[in-house]
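Colleague: Have a look at this one.
The values are calculated or read from the model by the stated rules, or taken from the named source; none is laboratory data. All figures in this text were calculated on a predicted structure; none of them were measured in a lab. Please note: Cβ atoms are built from the backbone with ideal geometry, for glycine as well, and neighbour counts cover all protein chains shown.
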């Protein structure tokens, strides 16, 4: 008899804790504001509120449904943890690509950070139109007036110069998810990222001294500050080494492809594709490949005015390519 009473008491407490769901009425979430105007790189704080907190997390989805921006023009922090990725994937069963928003259990308010990316492109004002809908566990609902979120984004410019070298060969799949380029090894048929190969990006001044470099990242990125001395600068991507563990040797030769983007952000940009120079079989500078270093462009800096000149590779290769090698990572290791 005592046990039956205890079970009844526990059942009663459970019902009290989750009254909203038991009655079939989902908590309603409202947005404190639905229209925003920001510059690229500025964070939009989308504040969501509910008057009926529950003891379970509520799942929602932010989906791009209109405007002039693309899905890759902004990022979303939907769970308050910047170490996690809230982008949906095809296995989630959440429909078209979007971002997950997790409204914490017992909370009456939750802030979602939406950041339009400060990219290199010169652009006019863009508009991001997002729709907030119940998704996942469907524990909550969205007030009709809070479903549509509109963000107007103005172009941002910089007086710095930026160059990015990307050899990842990343593409998007049918869902819109970014898929990193890879290759298959000759031992177990496993896949390995192309980013694992050691490519670098360096910026040389007119004395062929390295003034900026990125030896660690894929894509590699360098910035020449507006305060740097005037003069000519050489943008030089390179293939350092084909070295890989014995379990990651390619089953077939690889022809590497690199996209080098050079820009005065928000003002102008230029792309050079290097597709027919580097191969796994030829190796990189560390293996003695003569053309490991390539000149993607010459930057002429005068104050905050930049001129990017196209380069005929044969011109710089005559007597100056060796100068790059003398100052390069090869001799600093």
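Colleague: Considering each residue of the stretch 140-181, count those that are over 30 Å from residue 303 (Cα atoms) and either in a loop (DSSP other than H, G, I, E, B) or in contact with a helix residue (DSSP H, G or I) (Cβ under 6 Å, 6 or more places away or on another chain) (or both), and give that number. If you could, list the steps in order and put the result at the bottom.
Modeller: Of the residues in the stretch 140-181, the ones over 30 Å from residue 303 (Cα atoms) are 140-152, 167-181.
Next, only the ones that are either in a loop (DSSP other than H, G, I, E, B) or in contact with a helix residue (DSSP H, G or I) (Cβ under 6 Å, 6 or more places away or on another chain) (or both) stay: 140, 143, 147, 167-170, 173-177, 180-181.
Matching residues across the stretch 140-181 total 14.
Colleague: Of the conditions (1) assigned to a loop (DSSP other than H, G, I, E, B); (2) farther than 19 Å from residue 182 by Cα, residue 276 satisfies every one except a single condition; which number is it?
Modeller: Only one criterion in (1) assigned to a loop (DSSP other than H, G, I, E, B); (2) farther than 19 Å from residue 182 by Cα is unmet by residue 276, namely (2).
Colleague: Can you tell me which residues in the stretch 224-248 are at negative phi and surrounded by fewer than 16 Cβ atoms within 10 Å (Cβ to Cβ)?
Modeller: In the first step, residues of the stretch 224-248 are kept if they are at negative phi; the result is 224-230, 232-248.
If the condition is that a residue be at negative phi and surrounded by fewer than 16 Cβ atoms within 10 Å (Cβ to Cβ), then 225, 226, 227, 229, 230, 232, 243, 245, 246, 247 are the ones that fit.
Colleague: Then there's this: Could you please give the count of residues in the stretch 73-95 that are more than 19 Å from the chain's Cα centre (by Cα) and assigned to a loop (DSSP other than H, G, I, E, B)?
Modeller: Filtering the stretch 73-95 for residues more than 19 Å from the chain's Cα centre (by Cα) gives 91-95.
From what's left, assigned to a loop (DSSP other than H, G, I, E, B): 93-95.
Residues that pass the stated criteria total 3.
Colleague: Quick one: in the stretch 188-207, of everything that is touching a helix residue (DSSP H, G or I) at 6+ places or on another chain (Cβ under 9 Å) and crowded, with 17+ Cβ neighbours inside 10 Å, which residue is nearest to residue 230 (Cα to Cα)?
Modeller: Residue satisfying both the conditions and the ranking: 204.
Colleague: Something else about it: Look at residue 173 and say whether it is modelled with pLDDT under 95, in the same structural domain as residue 307 (by TED's automatic domain parsing) and either touching a strand residue (DSSP E or B) at 6+ places or on another chain (Cβ under 9 Å) or closer than 30 Å to residue 269 by Cβ (or both). Steps first, answer last, please.
Modeller: Values: modelled with pLDDT under 95: yes; in the same structural domain as residue 307 (by TED's automatic domain parsing): yes; either touching a strand residue (DSSP E or B) at 6+ places or on another chain (Cβ under 9 Å) or closer than 30 Å to residue 269 by Cβ (or both): yes.
Considered against the rule, which asks whether it is modelled with pLDDT under 95, in the same structural domain as residue 307 (by TED's automatic domain parsing) and either touching a strand residue (DSSP E or B) at 6+ places or on another chain (Cβ under 9 Å) or closer than 30 Å to residue 269 by Cβ (or both), residue 173 comes out as yes.
Colleague: If you don't mind, another one. In the stretch 49-72, which residues are in contact (Cβ under 8 Å) with a residue 24 or more places away in the chain, surrounded by fewer than 15 Cβ atoms within 10 Å (Cβ to Cβ) and assigned to a loop (DSSP other than H, G, I, E, B)? Don't jump to the end; show me each part of the working.
Modeller: Taking the stretch 49-72 first, the residues in contact (Cβ under 8 Å) with a residue 24 or more places away in the chain are 49-69, 71-72.
After this cut, where a residue has to be surrounded by fewer than 15 Cβ atoms within 10 Å (Cβ to Cβ) as well, the list is 51-52, 55, 66, 68, 72.
Listed by number, the residues that qualify are 51, 52, 55, 68.
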